[in-house]
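In what follows, a structure is listed as structure tokens, so that the remarks can point back to it.
Since every read-out is calculated from the coordinates, none of them should be taken as a lab result. The shown structure was predicted, so the numbers you read here are calculated from the model rather than taken from an experiment. Here the Cβ is made from the backbone with ideal geometry for all residues, glycine too, and neighbour counts use every protein chain on show.
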Amino acid sequence: MAWPILIGAICGIIGSAVVAPTAMAVPSGDTGGGAVSLLIFLGFYFLPSIIACARRNHNALAVFVLNLLVGWTIIGWIVALVWSFAKPAVPVIVTTATATTQVILPPAPPDGRRACPFCAEPIIEAAVVCRFCRRELPIGWAAPRLLR
């Protein structure tokens with residue numbers, strides 16, 4: 001990701017544009033405290049962008065643009081700072097178990113009813129939907145099966 005390079009280049013351009021003309025006009029006894037102060041100010045000003053890049057926020061470019069254009073207002077800077085700490089949306093993957101269990105059903109009673117495989121209520125073997133639990137029965141549910 002080229003964010004640190006981009007932010008560094010912008011800070012360097014702004015810093016050189018502001019510091020270079022003032023460096024020529026300062027008396028020879030000054031040690032460059034203004035340049036250090038400017039760099040500290042720019043680091044603090046772009047703190048939300050730096051945090052967004054360091055945390056690998058998926059909206060780092062938007063945080064930087066907001067910080068650059070509206071960060072001079074206190075509210076814009078605070079919004080950019082809060083946005084830089086936002087966690088990225090993580091997709092949730094839901095999986096369901098596909099393993100099926102097969103049950104050996106006991107022989108049918110003489111009245112032609114078997115237990116529902118879901119609620120165990122006695123229903124006729126020709127039923128398609130259980131009248132008690134209202135669940136659709138699988139095809140051949142009443143046929144005896146062997147466990148594998």
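Summing charges over all other residues whose Cβ lies under 11 Å from the Cβ of F118, with Lys and Arg as +1 and Asp and Glu as -1, gives 0. A full extension of the chain between F85 and C133 corresponds to an added length of 12.4 nm, given 0.36 nm per residue minus the alpha carbon distance. S84 sits among other residues whose Cβ lies under 14 Å from its own Cβ, and their net charge, with Lys and Arg +1 and Asp and Glu -1, is +3. By the beta-carbon count within 10 Å of each Cβ, the least crowded to most crowded order of C53, C119, fewest first, is C119, C53.
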